[in-house]
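Just below is one structure, and these are the notes that go with it.
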Amino acid sequence: MLLFDDFKSWQQHCKDTQEPLFEPVLNYEIQQKNRTAETIWDGMQRAYTVMKEAVLTGLSEDMTSRSGMVNNSGKKVYNAPITVLSPEFQKLIARALAAKEVNSCMGRIVAAPTAGASGILPSTLVTIQELHNLPDRKILEGLLVAAGIALIIERNASLAGAVGGCQAETGSAAAMAAGAIVYCLGGSTEQVFSAVAITIQCMLGLVCDPVAGLVEVPCIVRNASAAAIAYSSSQMALAGVHAVIPVDECVQAMGEIGESMETRYKETALGGLAATPTGQQIAKKVLIQDIEILPDETVS
Ligand code: SF4
């Protein structure tokens with residue numbers, strides 16, 4: 001069973017039933033998993049706790065990876081002596097880097113919607129909760145709205161870098177975050193979907209080109225920029241900025257661009273940043289490291 005084919009049907013359903021946006025997603029989860037509402041809420045709370053922990057871990061523990069490409073960027077931004085951002089914005093960026101670094105260093109994260117984009121929802125939701133003193137329950141409702149957004153994008157485009165490029169991963173995560181933020185701050189359904197549309201418009205065309213095939217560079221910094229775009233889009237939507245192109249058409253555009261993207265830009269590490277001289281050098285170094293740590297019996 002599908003939830004909704006598109007955003008238009010979701011909007012119409014909520015208009016007809018007067019249900020809040022999260023309600024049909026909750027009911028879908030109950031049906032799909034054959035569980036009670038209480039169990040679903042408990043699962044959402046556990047997921048959000050893991051997200052909060054990822055942010056804290058990335059900002060308090062050593063975040064360096066074997067490749068040398070990950071090196072405590074979350075902590076660096078959090079403690080930066082020279083700032084160009086407001087304190088809240090600085091925290092948002094630091095948290096996005098930190099949570100994603102936890103994933104790159106093999107720590108525990110929530111892959112929402114994917115591990116590659118796992119810094120976006122934690123950083124945006126933790127920061128909006130702090131800014132507006134929101135209860136966890138409201139954030140969990142926002143997470144359900146985010147899940148509904150992801151299901152529709154997955155149906156009509158993709159959530160995977162290997163299928164649709166990075167627009168499908170960090171772009172979708174940013175769209176989920178933007179919709180959740182507007183929902184949590186009391187925006188109308190039109191404003192929630194406008195935030196999704198504006199975010200997609202800002203992320204369209206982004207290729208997937210991970211250096212050495214590791215989900216580190218540019219993935220970590222892209223989580224931070226996607227979090228920033230989620231924030232700017234939600235601000236625009238809440239202020240009444242009109243997306244002009246309806247959200248369903250934005251998703252269609254994402255699907256069309258993803259389909260026409262060359263294979264070298266779809267997680268193959270054959271194009272873009274992965275194909276640069278420095279990217280190639282790092283790939284060689286990582287390959288040598290991998291051979292060195294192979295047990296003797298597998299080398300012979
Ligand atoms: S560059 Fe590719 S692997 Fe990295 S976050 Fe984007 S989609 Fe994921």
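Worth a mention:
- Added length on full extension, which subtracts the Cα-Cα distance from 0.36 nm per residue, residue 288 to residue 76: 73.4 nm
- R0 of 35 Å, Cβ-Cβ distance residue 34-residue 61: FRET efficiency to nearest 0.05: 0.40
- Among 70-80, 141-151, sorting by the average number of other beta carbon atoms lying within 10 angstrom of each residue, highest first, gives 141-151, 70-80.
- Spatially proximal aspartates and glutamates relative to residue 285 (Cα-Cα < 17 Å; intrachain offsets below 8 disregarded): 216
- Percent of alpha-carbon pairs separated by more than 35 Å within region 7-258: 9
- Charge context of residue 65, other residues only, Cβ under 9 angstrom, K/R +1, D/E -1: -1
- The shape of region 235-275 comes out oblate: with a ≥ b ≥ c from the C-alpha gyration tensor, a/c is at least 1.5 while a/b does not beat b/c.
- Charged-residue dipole, Cβ positions (Lys, Arg, Asp, Glu), region 7-258 about Cα centre, Debye nearest 20: 440
- Ordering of 206-216, 37-47 by packing [mean C-beta count within 10 Å, highest first]: 206-216, 37-47
- Summing +1 for each Lys or Arg and -1 for each Asp or Glu among the other residues whose beta-carbon sits under 12 angstrom from that of residue 163 gives -3.
- Across the options 126, 112, 143, the greatest Cα extent toward the positive end of the charge dipole of region 70-176 (unit charges at beta carbon of Lys, Arg, Asp, Glu) belongs to 126.
- Other residues lying with their Cβ under 13 Å from the Cβ of residue 93 contribute a combined charge of +4, Lys and Arg counting +1, Asp and Glu -1.
- 20 Å Cα-Cα threshold exceeded, pairs from 75/100; 76/100; 100/138; 52/91; 52/75: 100/138
- In terms of surrounding Cβ atoms within a 10 Å radius of their Cβ, 287, 185 rank from fewest to most as 287, 185.
- Rounded, prolate or oblate (a/c below 1.5 giving rounded, otherwise prolate when a/b exceeds b/c) for region 71-131 by Cα gyration tensor: oblate
- Pairwise label distance in nanometres, residue 132 with residue 155, each label 7 Å out on the Cα-Cβ vector: 2.6
- Were the residues from residue 204 through residue 27 laid out at 0.36 nm apart, the gain over their Cα-Cα distance would be 60.6 nm.
- Residue exposure sequence - 220, 291, 128 - by fewest surrounding Cβ within 10 Å: 291, 128, 220
- Taking every full run of DSSP H in the chain, the ones that stretch at least 27 Å from end to end by Cα along their long axis and average -1.0 or higher on the Kyte-Doolittle scale are 37-60, 136-156, 219-238.
- Residue separation of residue 270 and residue 90 scaled by 0.36 nm, minus their Cα-Cα distance, works out to 61.5 nm of gained length.
The numbers here are math on the coordinates, done by the rules we state, and not lab data. Small disclaimer: the values here were computed from a predicted structure and weren't measured. Methodologically, a virtual Cβ is constructed for each residue, glycine included, from the backbone with ideal geometry; neighbour enumeration extends over all protein chains shown.
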